[in-house]
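Student: Just passing along the structure, written as structure tokens.
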Amino acid sequence: MTPLLEIDDLVVDYVSADRTVRALDSAALTVSAGETIGIVGESGSGKSTLGAAIGGLLPGAARVVSGSVRVDGADVTTLRPKQLRALRREQLGFVFQEPIGSLDPTMRVGKQVELALRGWGTRADVLAHLERVKLTDPERVARCYPHQLSGGMAQRVAIAMAMAGRPEILVADEPTAALDSQVRDDVLDVIFALAAESGTTILWLSHDLPAVAKRCSRVVVMYGGGVVESGAASAVLAEPRHPYTKALVRAVPAAVADGERLTSIPGQPPVLTGSAPGCVFAPRCPDVLASCTEQRPPLVSAAGRDVLCHLAEQTVEAGR
Amino acid sequence: MSWWHRTDWLTRAGLLCLAVLVLGTVVATVFGIGGDPEAMVGPRLAPPGGDYPLGTDQLGRSMLPRLFEGIGTTLLLSTVAVLVTAVIATLLGIAAGYWGGWLGEVVMRLVEVLYSFPTIVLAILVAAVVGPGQTATVCSIILITIPLMTRLVRAAAIIVAQRDYVTSAVISGAGWPRILFRHVLPNISGTIAVQGTYALSVGILVEGGLSFLGFGVQPPQSSLGALIQQGSTYLIAAPWLVIVPGIVLVVAILAINVFGDGLRDSLEPREARSLV
Amino acid sequence: MRLFSWWLRRALSAVVTLFLVSILIFAASRLMPGGFAEVVLGPFASPEQKAEVSARYGLDQNILVQYWLWLTTALTGDFGISMISGEPVTTEFGLRLPVTAELTVAGFAAAICLGVPLGVYTAVRAGRGRTAAVGRLASGLGVSVPEFVLGSIVVFLFSRFALGLTVGGYVPLSEDPGQNLRSMVLPAAVLSVFVIAVTARTTRDAVLTVLVEPYITAAIARGESPWFIVTRHVLRNASIPVVTVLSTITAYLLGGAVIIEYLFNLPGVGSYIVQAVGRRDYAVVQAGVLLAAVVFIVLNTLTDAAAGALDPRFGTGSKARRSR
């Protein structure tokens with residue numbers, strides 16, 4: 001059986017006139033239907049690029065250097081435009097960070113939802129879709145222009161439009177980052193409830209590890225353009241294997257026992273210009289080995305956990 | 001010169017073209033290539049070739065030195081006018097954008113008034129008041145280029161005035177001359193450079209148009225516009241009198257515009273997005 | 001309601017600008033060589049005529065009274081007498097206005113019908129590298145060829161060789177519409193090149209700006225086709241800056257018409273003003289400049305109002321937040 005989503009050895013560069021930045025460096029991820037995945041990483045870790053690559057939505061300056069992104073076996077990076085559009089319509093849904101900006105400022109909300117229903121929708125369908133995302137006064141919202149909505153309302157509208165076609169995969173790129181903290185949970189509730197109802201697989205991109213671990217079945221940690229660790233949410237949070245994940249967990253206020261110090265990760269996230277010779281986390285890693293800066297770390301898979309680390313390799317071998 | 005690395009071949013070609021035009025003219029004028037532009041040396045309306053590479057005009061003057069003189073006059077008048085515009089527009093734009101208030105209101109009103117005239121119409125009004133000639137040309141270019149440049153400098157100054165480094169300079173008690181010269185001016189210099197470049201091409205265009213109507217540079221002095229104006233009488237019999245200065249005019253304006261576009265793109269690069 | 005009050009403010013601001021423009025033209029008319037009596041009557045007027053004008057415009061009174069008399073006279077449509085023909089300037093303008101109007105309208109139509117589609121096409125098909133540079137060169141060429149250079153070349157080509165159209169020989173529209181169109185094709189085409197290029201550039205810039213907006217990415221992510229996205233989302237959003245530039249284009253057309261009429265020997269207002277400056281017929285110059293400014297200010301206000309109607313955010317203050 002082919003997995004729902006299979007990203008393999010994906011390398012993406014951003015090319016500008018004066019320099020090239022590597023956004024994804026051999027990123028790999030496999031997702032089966034029905035999972036809820038949380039992809040966690042700092043800004044610059046490549047998670048947004050990864051999310052965009054799933055829909056073939058990379059900006060003009062991006063170049064796919066190598067690798068593949070397969071949705072139901074079809075490689076997004078090589079699909080013809082027409083097939084790619086069909087794939088986006090039928091199998092994918094996207095929710096973005098900027099809720100009001102994601103809606104056309106010159107068109108009434110009702111009309112936009114109607115367009116998202118692709119001519120199948122009547123007025124009543126439009127209102128039904130707005131009701132599904134728990135908007136209290138769908139009639140009024142449908143008559144509004146986007147700038148007349150609050151961020152939370154606009155994001156619900158965007159979710160209604162993204163979920164209108166009952167997609168197989170919903171990519172939500174920091175959907176609550178621009179919202180007030182009070183409405184964040186409500187919006188996430190709506191996303192997860194709708195997805196469960198439609199049998200949609202969620203890929204939630206976030207920088208908030210505990211929030212992700214609370215709602216998702218699996219957590220994927222990205223650093224420096226690659227996936228460094230992935231595994232069951234509770235296991236990753238409770239027992240992180242990769243030094244970067246460990247540092248992330250230690251930087252979370254709730255995870256630290258009273259009286260213990262919150263530790264920040266020393267150093268800056270990397271800006272890669274080409275393929276890294278060794279481990280990208282090596283310069284900031286507290287447990288760095290001699291081999292880390294020279295050899296790329298191997299993928300160590302054990303007990304449903306994938307870790308990209310020299311140290312993990314040794315631990316596993318020592319355990320044998 | 002970090003922006004230079006971000007420019008493409010077309011931008012560099014534009015700058016090169018302009019440099020060749022300016023240097024060529026300077027060299028030709030200094031060494032008197034082609035002879036005396038005022039001397040009536042040859043047959044009238046001779047076609048290009050032989051002793052007169054670009055032909056002769058209706059008085060038998062060789063066109064080559066007249067063309068060099070014309071390029072020199074046009075570029076000189078435009079440059080002088082644009083430099084004046086740059087100074088005035090920077091002062092007005094910063095006054096309107098950084099201080100704002102009633103001063104900004106007054107400045108923008110005055111600019112709006114100047115902006116209300118179609119360019120060549122404003123130039124004609126100036127020529128009617130001060131009389132045709134070089135003064136009218138320079139004054140027209142200044143008045144025509146001030147509005148747009150002032151508006152854009154103001155817009156840039158408004159943005160810069162809200163930046164943190166300006167706020168912190170104000171809080172740390174820096175006087176306004178220091179803030180303006182250390183913080184505001186350097187950060188709007190890109191806008192001034194780009195708009196100055198565009199203004200130069202407008203200046204050349206205005207000089208050409210005004211002289212073509214007979215209100216700009218007056219004979220016997222030549223400018224690109226004046227050459228075209230004088231040649232247009234003999235357009236059918238001696239088209240080279242118009243076509244050669246016309247091409248030079250187009251090349252000069254094109255080179256400046258292309259360079260300005262490239263300069264703008266390198267100072268504020270824009271994203272691109274394809275729809276598929 | 002908010003839009004209405006915004007329009008009202010905009011209209012008031014236009015009136016203030018018109019008022020300041022009138023002061024400027026008034027001042028210019030007093031500065032013209034020969035004094036104002038000569039501006040109105042021409043240099044060969046008798047002392048009695050000068051005395052009459054002097055009394056009518058209050059030339060012996062203080063400058064504010066003079067301005068008031070000048071303004072009220074102008075508002076009644078009286079701009080004095082043309083020195084050359086002896087007819088009222090208003091009558092002379094009435095005879096020539098159709099020519100200028102025909103040229104300007106043709107140029108405007110060309111800008112919209114050709115410039116806008118060209119701009120949208122080049123933006124959506126934005127090539128990179130070499131293609132982008134070629135596109136830049138082509139659009140750059142369009143805005144870099146002055147109408148007097150292009151016009152001269154066209155006049156030369158069509159006069160020297162039999163290319164189907166003749167230069168000159170203007171026939172009024174009322175006399176023979178077919179002949180009139182034949183005589184206007186070349187001038188209108190030459191006048192249009194620049195505005196088509198400017199409109200295409202502005203449209204291209206506007207479309208490129210819209211294309212990177214998040215709602216376009218969202219539409220692409222929903223699997224919409226390029227055609228759908230352009231017609232449903234891009235055009236309306238990009239039309240706002242394009243509409244505002246139309247007034248600038250009108251200003252250019254009014255100025256360009258002056259040169260085109262002079263070059264092609266068309267009996268329009270523009271060539272009339274050029275002749276008037278040469279003959280020191282200042283009453284005509286003053287009225288012509290005022291006319292051009294009034295037309296431009298009115299159109300500018302109208303296009304701003306149209307832009308306001310196109311953008312639901314207008315006047316609400318939330319536009320400032322969206323525009324970076």
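The values are calculated or read from the model by the stated rules, or taken from the named source; none is laboratory data. Only a predicted model underlies this, so the values are computations on that prediction, with no experimental measurement involved. When we count neighbours, we look across all protein chains shown, and the Cβ atoms used for this are built from the backbone with ideal geometry, even at glycine.
Student: Name the single residue that is farthest from the chain's Cα centre (by Cα) among those in the range B:205-215 being crowded, with 24+ Cβ neighbours inside 10 Å and of a type outside the set (F, W, Y).
Tutor: So in the range B:205-215, the residues crowded, with 24+ Cβ neighbours inside 10 Å come out as B:205-213, B:215.
With of a type outside the set (F, W, Y) added as a condition, the list becomes B:205-211, B:213.
Working: B:L205: 8, B:V206: 9, B:E207: 9, B:G208: 11, B:G209: 13, B:L210: 14, B:S211: 15, B:L213: 19 Å.
Among residues in the range B:205-215 that are crowded, with 24+ Cβ neighbours inside 10 Å and of a type outside the set (F, W, Y), the one farthest from the chain's Cα centre (by Cα) is B:L213.
Student: Among the residues of the range A:106-126, is any within 14 Å of chain C (Cβ to nearest Cβ) and among the acidic types (D, E)?
Tutor: Yes, the conditions are met somewhere in the range A:106-126.
Student: Something else now. Could you pull out the residue among A:R250, A:R215 that is modelled with pLDDT of 90 or more and of a type outside the set (S, T, Y)? Spell out how you get there, then give the answer.
Tutor: Numbers: A:R250 fails: modelled with pLDDT of 90 or more.
The match here is A:R215.
Student: Select the helices (runs of 4 or more DSSP H) contained entirely in the range A:135-222, then report the ones holding at least 2 residues which are in contact (Cβ under 8 Å) with a residue 24 or more places away in the chain and more than 30 Å from C:R313 (Cα to Cα).
Tutor: On the way: elements: A:138-143, A:151-163, A:181-198, A:209-215.
Once the helices (runs of 4 or more DSSP H) in the range A:135-222 are filtered for at least 2 residues that are in contact (Cβ under 8 Å) with a residue 24 or more places away in the chain and more than 30 Å from C:R313 (Cα to Cα), what remains is A:181-198, A:209-215.
Student: Same structure again: With the requirement that a residue be modelled with pLDDT under 90, out of contact with any Leu (no Cβ under 9 Å at 6 or more places or on another chain) and either in a loop (DSSP other than H, G, I, E, B) or among the charged types (D, E, K, R) (or both), what does the range A:122-134 give you?
Tutor: Those that are modelled with pLDDT under 90, out of contact with any Leu (no Cβ under 9 Å at 6 or more places or on another chain) and either in a loop (DSSP other than H, G, I, E, B) or among the charged types (D, E, K, R) (or both): A:T122, A:R123.
Student: Within the range C:276-294, track down each residue that is modelled with pLDDT of 90 or more and either surrounded by fewer than 24 Cβ atoms within 10 Å (Cβ to Cβ) or not hydrophobic (A, V, I, L, M, F, W, C) (or both).
Tutor: Answer for the range C:276-294, where residues must be modelled with pLDDT of 90 or more and either surrounded by fewer than 24 Cβ atoms within 10 Å (Cβ to Cβ) or not hydrophobic (A, V, I, L, M, F, W, C) (or both): C:G288, C:V289, C:L290, C:L291, C:V294.
Student: Within the range C:270-281, which residues are within 18 Å of the chain's Cα centre (by Cα) and within 10 Å of chain B (Cβ to nearest Cβ)?
Tutor: Residues of the range C:270-281 that are within 18 Å of the chain's Cα centre (by Cα), as a first pass: C:270-274.
Listed by number, the residues that qualify are C:G270, C:S271, C:I273, C:V274.
Student: Is the range C:143-152 home to any residue that is charged (D, E, K, R) and surrounded by fewer than 18 Cβ atoms within 10 Å (Cβ to Cβ)? If you could, list the steps in order and put the result at the bottom.
Tutor: First, pick out the residues of the range C:143-152 that are charged (D, E, K, R): C:147.
Still in the running and surrounded by fewer than 18 Cβ atoms within 10 Å (Cβ to Cβ): none.
No, the range C:143-152 contains no residue that is charged (D, E, K, R) and surrounded by fewer than 18 Cβ atoms within 10 Å (Cβ to Cβ).
Student: Residue pairs, Cβ under 6 Å, 6 or more apart or interchain, first in the range A:76-93 and in contact (Cβ under 8 Å) with a residue 60 or more places away in the chain, second in a helix (DSSP H, G or I). List them.
Tutor: A:G93/A:A162; A:G93/A:M163
Student: Quick one: would you say C:T209 is β-branched (V, I, T) and within 14 Å of chain A (Cβ to nearest Cβ)?
Tutor: Against the criterion (β-branched (V, I, T) and within 14 Å of chain A (Cβ to nearest Cβ)), C:T209 qualifies.
Student: Moving to a separate point now. Quick check, is C:A126 at pLDDT below 90, within 14 Å of chain B (Cβ to nearest Cβ), assigned to a loop (DSSP other than H, G, I, E, B) and under 21 Å from C:T199 (Cβ atoms)?
Tutor: On the way: at pLDDT below 90: yes; within 14 Å of chain B (Cβ to nearest Cβ): yes; assigned to a loop (DSSP other than H, G, I, E, B): yes; under 21 Å from C:T199 (Cβ atoms): yes.
In short, yes.
Student: Only one of these conditions is not met by B:D51: (1) under 15 Å from the mean Cα position of the chain (by Cα); (2) farther than 16 Å from B:P220 by Cβ. Which number is it?
Tutor: (1)
Student: Let me ask something additional. Between residues in the range B:184-210 that are at negative phi and aromatic (F, W, Y) and residues that are crowded, with 22+ Cβ neighbours inside 10 Å and assigned to a helix (DSSP H, G or I), which pairs lie under 7 Å by C-beta distance while being six or more apart or on different chains?
Tutor: Filtered contacts from the range B:184-210: B:Y198/B:G260.
Student: Another question, if that's okay. For the range A:95-105: of the residues being within 19 Å of the chain's Cα centre (by Cα) and more than 7 Å from every other protein chain (Cβ to nearest Cβ), which is modelled with the highest pLDDT?
Tutor: Among those residues, the one meeting the criterion is A:V95.
Student: To continue, here is another question. Show me the helices (runs of 4 or more DSSP H) found entirely inside the range C:3-120 where at least 1 residues are within 13 Å of another protein chain (Cβ to nearest Cβ) and surrounded by 17 or more Cβ atoms within 10 Å (Cβ to Cβ). I'd like the intermediate steps shown before the answer.
Tutor: Working: elements: C:35-41, C:47-56, C:63-75, C:89-110.
Of the helices (runs of 4 or more DSSP H) lying wholly inside the range C:3-120, those with at least 1 residues that are within 13 Å of another protein chain (Cβ to nearest Cβ) and surrounded by 17 or more Cβ atoms within 10 Å (Cβ to Cβ) span C:35-41, C:89-110.
Student: How many residues, within the range A:35-51, are acidic (D, E) and under 24 Å from A:A193 (Cα atoms)? Before you say what the answer is, go through the steps one by one.
Tutor: At the first step, the residues of the range A:35-51 found to be acidic (D, E) are A:35, A:42.
Filter once more, keeping what is under 24 Å from A:A193 (Cα atoms): A:35.
Residues meeting the conditions: 1.
Student: Here's something else I'd like to know. May I ask you to list the residues in the range C:212-233 that are crowded, with 24+ Cβ neighbours inside 10 Å and more than 7 Å from chain A (Cβ to nearest Cβ)?
Tutor: The answer is C:A219, and nothing else.
Student: Within the range B:216-243, how many residues are touching a Lys or Arg at 6+ places or on another chain (Cβ under 7 Å) and surrounded by 24 or more Cβ atoms within 10 Å (Cβ to Cβ)?
Tutor: Just the residues of the range B:216-243 that are touching a Lys or Arg at 6+ places or on another chain (Cβ under 7 Å), to begin with: B:222, B:227, B:236.
This time we only want the ones that are surrounded by 24 or more Cβ atoms within 10 Å (Cβ to Cβ), so: B:222, B:227.
Count: 2.
Student: Grab the helices (runs of 4 or more DSSP H) fully contained in the range B:79-177, keeping just those with 1 or more residues being under 21 Å from the mean Cα position of the chain (by Cα). Write out each step before concluding.
Tutor: Numbers: elements: B:101-115, B:119-130, B:134-161, B:164-171.
Where helices (runs of 4 or more DSSP H) fall fully within the range B:79-177 and carry at least 1 residues being under 21 Å from the mean Cα position of the chain (by Cα), they are B:101-115, B:119-130, B:134-161.
Student: Name the one entry in B:A136, B:A123 that is closer than 24 Å to C:V274 by Cβ, touching a Leu at 6+ places or on another chain (Cβ under 6 Å) and touching a residue at least 40 places away in the same chain (Cβ under 8 Å). Can you show your working first?
Tutor: On the way: B:A136 fails: touching a Leu at 6+ places or on another chain (Cβ under 6 Å).
After ruling out the rest, the residue left standing is B:A123.
Student: Considering only the range B:168-180, how many residues are in contact with a helix residue (DSSP H, G or I) (Cβ under 9 Å, 6 or more places away or on another chain) and farther than 12 Å from B:Y98 by Cα?
Tutor: At the first step, the residues of the range B:168-180 found to be in contact with a helix residue (DSSP H, G or I) (Cβ under 9 Å, 6 or more places away or on another chain) are B:169-170, B:174, B:176, B:178-180.
This time we only want the ones that are farther than 12 Å from B:Y98 by Cα, so: B:169-170, B:174, B:178.
Looking only at that region, the number is 4.
Student: Of the residues that make up the range B:244-267, is at least one away from chain A (no Cβ under 14 Å), hydroxyl-bearing (S, T, Y) and over 18 Å from B:M63 (Cα atoms)?
Tutor: no
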